[in-house]
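Step one of this worksheet: look at the structure below.
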Amino acid sequence: MDAKFLKPYQPSETEPRIYKEWEESGYFNPDNLPQKNGEPFTIVMPPPNANGNLHVGHALGTTVQDILTRFARMRGKRALWIPGADHAGFETQVVYERILEKEGRSRFSMDPKDLYKEIFEFTQSNKKNMEDQVRKLGASCDWSREKFTLDPDVVERVQKTFVKMFGDGLIYRGQRTINWCPKHQTSLSDIETESVEETTPFYYFKYGPFTIGTVRPETKFGDKYVVMHPEDPRYKEYVHGQQLDLEWINGPITATVIKDEAVDMEFGTGVMTITPWHSQIDFEIAKRHNLDIEQIIDWRGKLLPIAGEFEGMKITDARAKIVEKLNAKGLLAKTDESYKNVVKRCYKCNTMIEPQIKDQWFVKMAPLAERALEAANSGRVRFIPDHEAKIFRNWMENTLDWNISRQIIWGIPIPAWEKDGEWVASAQSPGEGWTQDTDTFDTWFSSGQWPLMTTGYPDGTDFATHFPTSVMETAHDILFFWVARMLCFSLYLTNEVPFHTVYLHGLVNDANGKKMSKSKGNVIAPLDLTDKYGTDALRMALVVGNTPGTDLAMREDKVKGYKHFANKLWNISRFILENTEDADMSVEFADADQALHAEFFELAEDVTKDLEEYRFYLAAEKLYHYTWNRLADAILEESKPILNGENLDAKQSRQKFLRVALADILKLLHPFMPFITEEIWSSMPDRSNLLMITSWPTGTHASP
RNA sequence: GGGCGAUUAGCUCAGUUGGUUAGAGCGCACGCUUCACACGCGUGAGGUCACAGGUUCGAAUCCUGUAUCGCCCACCA
């Protein structure tokens, strides 16, 4: 027996050594596997952002994906798990801007090319860091196939998709209301904003003969249209198009009466003025009636000259002053202080989103969503847990067109060119006098094509064999951002679903079930846990009892518990190896051992079924219990007298059983606890290969 | 306003298609230096499965309703 078993299991000494052995074996690459022509099994890793450290959620996802991959590999499949890294456009630029801010610099005073270069270098060093962390988690992914979302071939193919979609009329350039973040100076898609309910004063102002209500007095300078419902009996004396002279913020103006059904008669006074440049509903009314549209607030959130004496003032400061002035003029009718209002904020910096009118590229979602819905409804793609499919459907049935233009440099340039107001989509310049759009893509426009990009769409060899992929495993909070878009792009480009199954894990919260955040200081770093308790312990803690789709409260105690389990397994191995050194593996099982063996295979079948059905939480728990309560507590104890007894036949049979049981429990545990199982396996007599490529127990007795 | 969940032991959670006295981890109590393991061993306390109805021979599990909590979506100024 190896002397290493005399000491408790040492993960920190073992793990890097084992990982190196795996990596050098080449078996992460399915082309090197004995079963290289077997049935393909493919997972594409959700590429972690190359802008920081992994969080516990990554550890959970990585663990589940690794379990799936190792299980498939041991069952003789041509298992491929493709890693990647995401440039994460806006998010990375935000991270980098914070660094610049700390250094007293600003992107707005930098040459865009220099900024791009700096961020590129920043992500390259972070990418290495991130890859090392994925290795530490034991991920058996094929690093030789790793992709970065800004690899030149990815950029080229993503741009091609844009050109194709433009040609097919699925992408259009339009002047529309967009979500503008005044801090980050870019537009955002609808799902990149957070709607927060806030209590805001609701002001009623006298507007000629009317009383209008608003929460945003600072937008009201240009309001020269007063809108009411055509059926509203209270205002039937006013006719559409009628002009009225009235006193307003900065003096007398001429207002025009507009009758439009968008007005809710029940709300407020049933009359409103409109600010089409800074409100979508107002913009739609203005378009219907062909009204003037004027910008009131600039891109930095300051008032434009139309505000008169308020020009240049930040809107946050201006509001109170404007109300004060209107009050002084006797135009403030009343204020409702308890009004609840939904406000959109930038999901990264929490700045209030300013709706602005801007020319942008939009993806027409309805036709794409229809096909994705069909795939979900027909079962071509299956969601785990089931109820995520309902959430998916609800969103897909109510899609809004997707703004894919970002006014940031960190991303893939949009291959569109303009000349005299005319736009064409093309990777190369169409010729003299054309200038390229300076905007970049929403990062999800490229990551939405990730399963295609990583497998070599349209003509790579992996695309032929490994697409569509088997499973997409990711966090449920990016169902809309990512999963939905991958389905849309893939069905559009290939008529195939990108994956047959979507497994969505929940979020990992702190021990009290509260969301982890830097500001709350409750963030648990996965690598701190692996250092302290070992990767296998962390993996088990993340998997046992964690049902898909449900958020998990991460308790350090739980990880500690599975460190103890790892040590238990270590000691079981020590006992068995110590007591079977003279085992004869050719003897027949005695009846008692035959029964134990049959019992074991009931477990093995059960666990196999659980893994096939994505019930990792049950499989892991069953293995834990068999190993500790059955094998250690009962079988090992009852074996002691047999091993020390006079009956040689019984002893030899039991020795064989223990050796076989150990070998097989190591196999079953390997997807969950790859390091310690491989390490023990390396001490098994007669072992011929790495545990990671050893066959999964199938029912007949197995041995090293 | 719309959608989706959750409610089981002190805490965090399982309970896969309804089927014997409802489980785990941690915590708690008591006892153990037993020759694999104190990162351990043994024994034990602890639950009207949110509430009210219903279906069934049988319900934590299926149906209806109620309450509470949570998440997501949404252009009522």
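The values are calculated or read from the model by the stated rules, or taken from the named source; none is laboratory data. Just so we're clear, the structure is a prediction, and the values are computed from it rather than from any experiment. Using ideal geometry, Cβ is built from the backbone for each residue, glycine included, and neighbour counts are taken over all protein chains shown. Just the protein is used for accessible areas: all its heavy atoms, side chains included, with ligands, DNA and RNA removed. Shrake-Rupley method; radii C 1.70, N 1.55, O 1.52, S 1.80 Å.
Residues of the stretch A:575-602 that are in a helix (DSSP H, G or I), crowded, with 20+ Cβ neighbours inside 10 Å and either over 40 Å from the mean Cα position of the chain (by Cα) or within 15 Å of RNA strand B (Cβ to nearest atom) (or both): A:576, A:577, A:579, A:593, A:596.
Looking across the stretch A:1-20 at every residue that is within 11 Å of RNA strand B (Cβ to nearest atom) and not polar (S, T, N, Q), the one that is nearest to residue A:675 (Cα to Cα) is identified as A:11. For residue A:484, the conditions (1) of a type in the set (Gly, Ala, Ser); (2) in a loop (DSSP other than H, G, I, E, B); (3) touching a residue at least 60 places away in the same chain (Cβ under 8 Å) are fulfilled apart from (2).
Given the residues A:190, A:153, which is the only one that is within 16 Å of RNA strand B (Cβ to nearest atom) and charged (D, E, K, R)? It is A:190.
Yes/no per residue for (1) among the acidic types (Asp, Glu); (2) open to solvent by less than 20 Å² (accessible area, probe 1.4 Å); (3) in contact (Cβ under 8 Å) with a residue 60 or more places away in the chain:
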position: A:27; (1), (2), (3): no, no, yes
position: A:70; (1), (2), (3): no, yes, yes
position: A:83; (1), (2), (3): no, yes, yes
position: A:90; (1), (2), (3): no, yes, yes
position: A:95; (1), (2), (3): no, no, no
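Of all residue pairs spaced 6 or more apart or on separate chains, those with beta-carbon atoms under 8 Å, a first member in the stretch A:521-548 that is more than 22 Å from residue A:669 (Cβ to Cβ) and a second member that is in a loop (DSSP other than H, G, I, E, B) and among the hydroxyl-bearing types (Ser, Thr, Tyr) are A:523/A:517. When A:288, A:371, A:319 are checked against the criterion of being touching a helix residue (DSSP H, G or I) at 6+ places or on another chain (Cβ under 8 Å), under 30 Å from residue A:267 (Cα atoms) and of a type in the set (D, E, K, R), a single residue qualifies: A:319. Against the numbered list (1) over 25 Å from residue A:147 (Cβ atoms); (2) near RNA strand B (Cβ under 8 Å from one of its atoms), residue A:480 comes up short only at (1). With respect to being small (Gly, Ala, Ser), buried (at least 16 other Cβ atoms within 10 Å of the Cβ) and over 21 Å from residue A:64 (Cα atoms), residue A:456 fits the description.
Going through (1) assigned to a helix (DSSP H, G or I); (2) more than 22 Å from residue A:452 (Cβ to Cβ) one by one, residue A:76 falls short only on (1).
Within the stretch A:266-293, residues that are closer than 15 Å to residue A:178 by Cα sit with their Cβ atoms under 7 Å from residues that are of a type in the set (Gly, Ala, Ser) and surrounded by 15 or more Cβ atoms within 10 Å (Cβ to Cβ), at 6+ positions apart or across chains, in these pairs: A:275/A:222; A:276/A:286; A:293/A:286. The residues of the stretch A:603-614 that are surrounded by 14 or more Cβ atoms within 10 Å (Cβ to Cβ) and either assigned to a helix (DSSP H, G or I) or away from RNA strand B (no atom under 11 Å from the Cβ) (or both), listed by number, are A:603, A:604, A:606, A:607, A:608, A:610, A:611.
Of all residues in the stretch A:356-374, one or more are among the basic types (Lys, Arg) and in contact with an Asp or Glu (Cβ under 9 Å, 6 or more places away or on another chain). Restricting attention to the stretch A:615-673, the residues that are open to solvent by 50 Å² or more (accessible area, probe 1.4 Å), more than 13 Å from RNA strand B (Cβ to nearest atom) and not in a helix (DSSP H, G or I) total 2. From the set of residues in the stretch A:352-408 that are of a type in the set (A, V, I, L, M), part of a helix (DSSP H, G or I) and away from RNA strand B (no atom under 11 Å from the Cβ), which is nearest to residue A:296 (Cα to Cα)? Here the residue is A:365. Scanning the stretch A:412-451 for residues that are in contact (Cβ under 8 Å) with a residue 24 or more places away in the chain, open to solvent by less than 50 Å² (accessible area, probe 1.4 Å) and more than 17 Å from the chain's Cα centre (by Cα) yields A:412, A:414, A:415, A:416, A:425, A:426, A:437, A:439, A:440, A:441.
Out of everything in the stretch A:490-542 that is in a loop (DSSP other than H, G, I, E, B), of a type outside the set (Val, Ile, Thr) and touching a helix residue (DSSP H, G or I) at 6+ places or on another chain (Cβ under 8 Å), what residue ends up being nearest to residue A:384 (Cα to Cα)? Among them, the one singled out is A:506.
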